[in-house]
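Each value in this text was obtained by applying a stated rule to the coordinates, not by laboratory testing. This structure is a prediction, so every number in the text was calculated from the model and none was measured. For neighbour counting, all protein chains shown are included, and Cβ atoms are generated from backbone atoms with ideal geometry for every residue, glycine included.
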Amino acid sequence: MRLSIFWRLILTYVVIIAVMTAVNIYALLQIRTLAGLNTEVGSHHHPEIESAKRLLSSFYQQIQSEKKYVAVPAATFLEHFDAESKDFQLVLHGLLTRDTSEPEIQLVREVERIQQAHLALFHAQLAEGVGQLPESSAAYDERRDALAGKMASTLQQYIGLHEARIAVGVNESHASSVHAEAVTRQLVLVALMFGLGMAAVASYNILRPLRRLQSTIQEMGQGNFRATMDGQAPRELRELGDTVKWMGTRLQQLDDIKSEFLAHVSHELRTPMASIQEGTHLLLDEIPGPLTQDQRTTLRIMSDSSRRLMYLISTILDLSKMESGMMEYRFAPTDLRRVADISVNKIRLLADAKQVRLLVEAPVERHWVRADSARIEQVLDNLLSNALKYSPEGAAVTLHMEPRRDEGLMFVDVTDCGPGIPTEEVPHIFERFYQGRTKTRHVSVGSGLGLALAKKVVEAHGGRIWVDSEVGKGTTVRFMLCLTKPGILA
C-alpha cells in the first residue's frame, strides 16, 4: 500500500522532529552534568575552604585573648578566649560531619588534636598561675607558637586540598563543556543534514511522479493521446494520473471519430470532385463548343480550385491511412538526387515567376537510400512548396544533401529566407492543420497538412525530421534517411 502525500509529509516531519528532540535531550543532559559539577564546587568545596579560614582566624583570636589575659589577668579576656574556643569547636564539628574523604578527615582530626593540645597548654599555664618567671613564660610562648604554626600549616594543607579539587572540577567541567559543545555541534549538523535529506527524499518522491504526469500531459498536447504515466506514485497522484489517462482515452476516441469522419467525407468527395475536374477539362478543351474569354477564365479558376481540393482530399486520405497503419510503402534503393531534381523541376516555373532562386547542393556521385520514392518525392514537394511560399522576391531556396557514410545516413536540408518561426510555435508545426499564429502578408493560406504528412512519411522510413528556425532570418527543415546500396532492399 502506497502512502498518500499527506502521510508522507507527516512521517517526514515526525522523523525530523524526533531527531531534533534527541539532539535537544542530549544537550540538556550535558547541561545538567555541567550544573552538577558547578553545584559540587559551589556547595561543598567553597564552604569547606571558608570554614578552614574561619578556624584559623578563630585560633589566632584565641591566641590574642590568651596573650591579653596573660598580660592583664582580667575575667573579660578569659571569657573571650572561652567563646572563641567554643566557636572553634562548633566549626570543627561541622567539618567532621561534612567531610567524607580520608585525607580531609585526617587533616581535620589533626586540627582537633592541635586545638586540644593548645587548650591543655593554656589550662596548664592557668594552673601554674599567671606572672611566672621570664624563663617559664618564654618556654610557654615557644610551645604556643609551635602549635600555632602547626595549626596554620595543617589548615593550609586542608585548604590546598580543596582548592586542588576545585581546580580538577573546573578542568573537568571545561573539558566536559568543550566535548559537549563539539558533540552537540556535530549532532546538530547531522540532524540538519538528515532533515534536509528526508525533505529531499520526500520532495523527490512527490516531484518525480508530478514530472512524469507533466510529461504525459505534454505528450497528449502534442497529439499522443495514448501516453500513460508509468511507475509508482502517491495515491493522490495515481488518482490524478488515472483521470488524465481517462481524458486521453476520451480525446483519442474523439480524434479517431474525427479522423474517420474526415476520411469518410474525403472519400465521398473524391468521386464527385474528379467528375467536376474532368468536366471542367472537357469544357476547357471546347468539346461541347467554343468558349468566350470570360468563360475560359472562369473555367480555369474552377480547374485550379478543384485541383487544390483534390490534393487536399488525397492528403487527408493519406494521413488517415498512415495513422491507422494501412499505408503501404514500396521500399527500394532510391537515387535521392534524381527524386530531388524531379521535385525542384515541379516548382521551377513558380520560383521563376516569383524571382526566387532554387539552389541544389548535392554531391556529384549518386547516393542510394532505402525509401519509397513516390512518398519521399511527396515530402520534398511539400518542403520546397512551403519554402517557396514564405520566401520573399529575390531570395533563394536551398536544397542541401549531405551523405555521412560513417553514420550510414543521408541528411537533407530545405532552407528558405522567410520570416522564420517563433520558438514557441516550433513544437507544433508538425501537427495537423496547424498554420501558426503569426500570419505573413501576401502568403496564401495552406491546409496545414504538408508537414504533418512529411513527418509521418519520414518516420515510416525509420528517419527523423526537425526544424531549425530564427525569426527574421529564415527556416531550415531537416530530415535524415538511411543509406543503402543498389539492389539491397533491407
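Just one of (i) 1.61; (ii) 1.27; (iii) 0.97 is Rg/Rh (Cα atoms, Kirkwood Rh) as worked out from the coordinates here. Which one is it?
Read-out taken from this structure: (i).
Using +1 at the Cβ of each Lys and Arg and -1 at the Cβ of each Asp and Glu in the chain, identify which of TYR390, PHE225, THR334 lies farthest towards the dipole's positive end.
THR334
Using the alpha-carbon atoms, what tilt in degrees (0 to 90, nearest 10) does helix 134-221 show relative to the longest principal axis of the chain?
Between the helix axis and the principal axis of the chain, the angle is about 10 degrees.
List the residues whose amide H sits under 5 Å from the amide H of ARG464, counting only those 5 or more places along or on another chain, with H placed 1.01 Å from N in the peptide plane.
For ARG464, whose amide H was placed from the backbone, the distant partners under 5 Å are MET480.
Expressed as an acute angle from 0 to 90° and rounded to the nearest 10, what is the orientation of the C-alpha long axis of helix 46-71 relative to the principal long axis of the chain?
20
Taking H placed 1.01 Å from N in the peptide plane, check which residues at least 5 places from LEU483 or on another chain put their amide H under 5 Å from its amide H.
LEU409, MET410
How large is the charge dipole for the chain, taken about the Cα centre, if only the Cβ atoms of Lys, Arg (+1) and Asp, Glu (-1) carry charge, to the nearest 20 debye?
So the magnitude is around 2480 debye.
List the lysines whose Cα sits under 16 Å from the Cα of LYS354, skipping any in the same chain fewer than 8 residues away.
Partners found: LYS346, LYS389.
Relative contact order, percent, of the chain when contacts are C-alpha pairs under 8 Å separated by at least 6 residues?
Details: 530 pairs, mean separation 56.2, N = 490.
Here the relative contact order equals 11 percent.
Treat each spin label as a single point 7 Å out from the Cα along the C-beta direction, and report the LYS53 to TYR26 distance in nm.
According to this spin-label approximation, the distance is 4.1 nm.
Take each of the peptides 419-426, 7-14, average the number of other beta-carbon atoms within 10 Å over its residues, and list them starting from the highest. Spell out each step's value before the answer.
Values: 419-426: 15.5, 7-14: 13.9.
Going from most to least packed, we get 419-426, 7-14.
Read phi for every residue in the stretch 226-233 and hand back ³J(HN,Hα) as whole Hz from Karplus 6.51 cos²θ - 1.76 cosθ + 1.60, θ = phi - 60°, with x for Gly and Pro.
Ordered by residue, 3J(HN,Hα) equals 8, 5, 10, 8, 8, x, 7, 7 Hz.
Out of all Cα-Cα pairs in the stretch 332-484, roughly what percent, to the nearest whole number, are more than 27 Å apart? Could the numbers behind the result be given before it?
Working: 2193 of 11628 pairs.
When every Cα pair of the stretch 332-484 is considered, 19 percent fall beyond 27 Å.
So what's the convex hull volume per residue for the Cα atoms of the stretch 44-161, in Å³? Working shown, then result.
Numbers: hull volume 9.9 nm³, N = 118.
Looking at the stretch 44-161, the number lands at 84 Å³ per residue.
Distance from a point 7 Å along Cα→Cβ of ARG109 to each backbone N in the stretch 142-163: keep the residues under 17 Å and list them by number.
Zone members listed by number: 154-155, 158.
How far is helix 235-284 tilted off the main Cα axis of the chain, in degrees rounded to 10, range 0 to 90?
Helix 235-284 sits roughly 10 degrees off the main axis of the chain.
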